[in-house]
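Asker: Mind having a look at this structure? Questions to follow.
Quick note: the coordinates plus some simple rules give every number you see, no bench work behind them. Note that this is a predicted model, so its numbers are computed, not measured. Please note: Cβ atoms are built from the backbone with ideal geometry, for glycine as well, and neighbour counts cover all protein chains shown.
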Amino acid sequence: MPIDLKNYKLEYEKWVEESLPDYCAGKMTEIVKKYPFIVSDGVPWTPFRGQPSEHTFAMVTSGGLYLKDSQLPFDTVSIHGDPSIREIPKTVRQEEIGIAHAHYDHSLGEHDINIIFPIQRLIELEKERIIGRLTDTHYSFSYVNNVVPLLTKTVPKLISRLKADEVDILLLVPV
């Protein structure tokens, strides 16, 4: 089912107008109740075939991760959220990662990043040859309310990068 972004945009703009006072007051429960969620008729699904050891893996988290020394944090103030992505290298170390996401408790992820970005576990699986190749680059989103730029700009860029890396299996790690 194609998503009617024109209609969604109208509903979203109405939601922003009605919800902004509650958002500014920190009443997230109230605005989520009114959010114009996109509901799909079905999810395209391809059953897994083959052996994990023969495939290339990448990971995407919605944890709001960024590299503290070289990337800007995600916008955590705007009601619209931040539709951009951050590239996270396979070689990243815990102390290099910042978390910019206003809608969950960061404490467990700050203690062990593998809770929200299990890169070390994937590297272990790769070394043990349980999975095939792990790409050198992985990705993070933060929260996004305005899905129009996400779907029209960010996701196509991400798909292009995943295709260039010949990714067979994309692991989605929601927070």
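Asker: Quick one: Cα centre-to-centre distance for the range 38-94 and the range 141-175, in angstrom?
Answerer: Using only Cα atoms to place each centre, the spacing works out to 6 Å.
Asker: Continuing with this model, one more query. So how much slack lies between GLU54 and SER70, counting 0.36 nm per residue of separation and subtracting their Cα-Cα distance, in nm? Can you show the working numbers first?
Answerer: Values: separation 16, 0.36 × 16 = 5.76 nm, distance 3.33 nm.
Computed gain between GLU54 and SER70 is 2.4 nm.
Asker: Same structure, new question: Sum up the charges of everything whose Cβ sits under 13 Å from the Cβ of LEU151, counting Lys and Arg as +1 and Asp and Glu as -1, but leave LEU151 out. Show your work: numbers first, answer last.
Answerer: On the way: positive: LYS6, LYS9, LYS153, LYS157; negative: ASP4.
Within the 13 Å Cβ shell, the charges total +3.
Asker: Run the simple label-point estimate for HIS111 and THR137 please: 7 Å along Cα→C-beta, distance reported in nm.
Answerer: Simple spin-label model gives 3.4 nm for this pair.
Asker: Beta carbons within 10 angstrom, averaged per residue: use that to sort the peptides 9-20, 99-110, highest first.
Answerer: Working: 9-20: 14.0, 99-110: 16.4.
My ranking of the peptides, most packed first, is 99-110, 9-20.
Asker: Too long at a 31 Å Cα-Cα cut-off: which of LYS9/LYS68; LYS33/LYS153; LYS6/LYS157; LYS6/LYS33?
Answerer: Details: LYS9/LYS68 33 Å; LYS33/LYS153 27 Å; LYS6/LYS157 21 Å; LYS6/LYS33 22 Å.
The answer is LYS9/LYS68.
Asker: Can you run the Rg to Rh ratio on the range 1-158? Use alpha carbon positions and the Kirkwood inverse-distance Rh.
Answerer: On the way: Rg = 18.0 Å, Rh = 17.7 Å.
Here the Rg-to-Rh quotient is 1.01.
Asker: Using only DSSP helix segments of four residues or longer, with each worth -39500 (n - 2.57), what per-residue ellipticity at 222 nm results for the chain after dividing by its residue count and rounding to 500?
Answerer: Working: 5 runs with 51 residues, N = 175.
My calculation for the chain gives -8500 deg cm²/dmol from helical runs alone.
Asker: Does the range 1-78 classify as rounded, prolate or oblate by the C-alpha gyration tensor (a ≥ b ≥ c root eigenvalues; a/c under 1.5 gives rounded; else a/b over b/c gives prolate, otherwise oblate)? Don't jump to the answer; show the numbers that get you there.
Answerer: Details: a/c = 2.90, a/b = 1.41, b/c = 2.06.
Because a/c hits 1.5 or more and a/b fails to exceed b/c, the range 1-78 counts as oblate.
Asker: Then there is this: Sorted by mean Cβ packing within 10 Å, highest first, what order do the peptides 60-70, 21-31 take?
Answerer: Values: 60-70: 19.6, 21-31: 12.7.
Result, highest mean Cβ count within 10 Å first: 60-70, 21-31.
Asker: Please say if the range 32-72 is rounded, prolate or oblate, where rounded means a/c under 1.5 for a ≥ b ≥ c the square roots of the C-alpha gyration tensor eigenvalues, and otherwise the choice is prolate for a/b larger than b/c and oblate otherwise? Don't skip to the answer; put the middle values down first.
Answerer: Numbers: a/c = 4.55, a/b = 1.07, b/c = 4.24.
Since a/c reaches 1.5 but b/c is at least a/b, the shape of the range 32-72 is classed as oblate.
Asker: Report the calculated FRET efficiency for GLU96 and LEU5 (r = Cβ-Cβ distance, R0 = 41 Å), to the nearest 0.05.
Answerer: Details: r = 36 Å, r/R0 = 0.87.
Working from the Cβ atoms, E equals 0.70.
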